[in-house]
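Down below is the structure, laid out as structure tokens.
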Amino acid sequence: MKILVINCGSSSLKYQLIDSESEAVLAKGLCERIGIDGRLVYQPAGGEKEMVEAAMPTHTEAIRMVLDYLVNEKTGILKSLDEVDAIGHRVLHGGAKLTSSVLIDDAAIAVIDECCDLGPLHNPANLMGIRACMELMPGKPNVAVFDTAFHQTMPPKAYMYGIPYEYYEKYQIRKYGFHGTSHSFVSKEAIKFLGLDKDNSKVIVAHLGNGSSISAVENGKCVDTSMGLTPLEGLVMGTRSGDLDPAVLEYIARKEGKDIFELLTMLNKKSGVMGVSGVSSDFRDLDEASKAGNERATLALDMFSYRVAKYIGSYVAAMNGVDAIAFTAGIGENDAAMREKICSYLGYLGITIDPEANSKRGSNQVISTPDSRVTVAVIPTNEELAIARETVELVK
Ligand code: AMP
């Protein structure tokens, strides 16, 4: 089957056309600045990357352009759109109702719409992408794959907050967790790659990118994760604060006369390693600045690794043990020094990192020594492939 995978943001969308039998990417690219001016990037497998500026007032025009490129005579890779079997959409929030991927119908759209309150930046954009595909390719099956779904197996003791129960009853305020498609893909890959018995396994997945989250996966099911009602909770991230004492907000509000919305923007966009270092949210810049003697960059990196190590420790406790720790995403896959720094806290788990294995890149790799009691591995994530696989499962 040929599956078009769509990941819509408010002013951008990423796409990949994937052949589900070979799992090869046939074409990929993105549309940026939707609603502003518009730019499309298109790259067929083995071909040159093309970039064009073109008006894209809405996601519908953006997707129409993508489809035109897929079938164009010169660089297209399809004879006609009939060859597209289904469309898989990344959707941020499925709330507590949509606990696994779904074939999209009116009822699913209504629930995704209800969840706009919980994912105000992403769900409306995800819906625009879904509606555009339904309009442009009528009759084709569309599947929604939720960032929150994999975490729906968490028990109440993990997902409830210690606040009055009425807020859960009235507004479904609880931990949902995000990056679920990645945590699901990487935990499954880790179990396969390391030859673990899925039904008797304890895996911790550290998805460390610009947004970062950790999950505890016992017997293939998520039992805890670090992000919460929103992606703000948990680790110190690129520009997000992660965990902090909520009273900090009241204190700053009083001192600086800021309202809750300004404070939330500060926590989402101006905090994390960017806010602490004042240098960058990108770990390559932070490494460079730290090596050049910038103490705040060093502090930001120390805070990041310390928080990750603390979360790993808490998930070992949550599962009463761990067989494997899997690093993934931009930092997890590429930053060997950060992996080593995090693992330097994990000697109590009998972990020793093999520097040569840790320096390799690009594929599944065990980076702990053979005599380590817990295996540490790098498992590159592939959310688009995971969405394509889920889509095939629902439409075949
Ligand atoms: P992601 O959100 O998964 O795309 O991850 C993006 C982040 O990964 C960037 O902001 C960088 O901080 C980090 N990153 C990517 N490549 C490297 C690298 N070679 N070394 C260190 N950090 C990297």
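Derivation of every value follows stated rules applied to the coordinates shown; laboratory data play no part. Every value quoted in this text rests on a predicted model; they were computed, and no experiment measured them. Positions of Cβ are generated from backbone atoms using ideal geometry, with glycine treated the same way; all protein chains shown enter the neighbour counts.
Things worth noting here:
- K255-T75 pseudo-label distance in nm [points 7 Å out on the Cα-to-Cβ vector]: 5.2
- GNM result for the chain, Cα springs below 10 Å: residue of A107, A96, A326 fluctuating most strongly: A107
- Residues of the stretch 311-353 with amide N under 18 Å of a point placed 7 Å along Cα→Cβ from D197: 320-324
- Relative to its residue count, the stretch 309-371 spans a Cα convex hull of 89 Å³ per residue.
- Solution diffusion estimate, µm²/s, Stokes-Einstein, the stretch 2-91, Kirkwood Rh from C-alpha pairs, 37 °C, viscosity 0.692 mPa s: 252
- Under the criterion of Cα pairs below 8 Å and six or more residues apart, the relative contact order for the chain equals 14 percent.
- Taking the square roots of 5 times each eigenvalue of the Cα gyration tensor of the stretch 111-224, largest first, gives ellipsoid semi-axes of 27, 23, 12 Å.
- Taking amide hydrogens as placed 1.01 Å from N in the peptide plane, the amide H of V223 sits under 5 Å from those of A216, V217, E218, each at least 5 positions away in sequence or on another chain.
- Under 5 Å from the amide H of I104 lie the amide H atoms of N142, V143, A144, each residue being 5 or more positions distant or on a separate chain, with H modelled from the backbone and absent for Pro and chain starts.
- Percent breakdown of C-alpha pair distances by 5 Å bin, ordered from the shortest bin, for the stretch 198-259: 4, 17, 19, 17, 15, 11, 7, 5, 3, 2, 1
- Cα long-axis angle, helix 295-319 against the chain (0 to 90 degrees, to the nearest 10): 90
- Positive contributions from Lys and Arg (+1) and negative ones from Asp and Glu (-1), summed over other residues with Cβ under 12 Å from the Cβ of A55, come out at 0.
- Between the stretch 341-396 and the stretch 4-61, the Cα center-to-center distance that results, in Å: 29
- With R₀ fixed at 41 Å, the C-beta to C-beta distance from D82 to N364 puts the FRET efficiency at about 0.70.
- Model label zone, S11; criterion: amide N under 14 Å from point 7 Å along Cα-to-beta-carbon; scope the stretch 103-147: none
- Zone of R296's modelled label, taken as backbone nitrogen in the stretch 242-285 under 18 Å from a point 7 Å along Cα→Cβ: 242, 266-285
- Residue among A216, A386, A253 with the largest mean-square fluctuation in a Gaussian network model of the chain, springs linking Cα atoms under 10 Å: A253
- FRET efficiency, L264 to E114 (Cβ-Cβ, R0 22 Å, nearest 0.05): 0.55
- Charge tally in the Cβ shell below 11 Å around L286, where Lys, Arg are +1 and Asp, Glu are -1, L286 excluded: -3
- Computed from Cα atoms, the angle from the helix 247-256 axis to the main principal axis of the chain rounds to 80 degrees.
- Note, ³J(HN,Hα) from phi for the stretch 65-80, Karplus 6.51, -1.76, 1.60, rounded to Hz, x at Gly and Pro: 5, 4, 5, 4, 5, 5, 10, 5, 5, 7, 10, x, 10, 10, 6, 8
- Working note: Cα gyration tensor of the chain, eigenvalues times five, square-rooted, sorted largest first, giving semi-axes of 33, 26, 23 Å.
- For the chain, share of DSSP beta bridges that run antiparallel, in % to the nearest 5: 70
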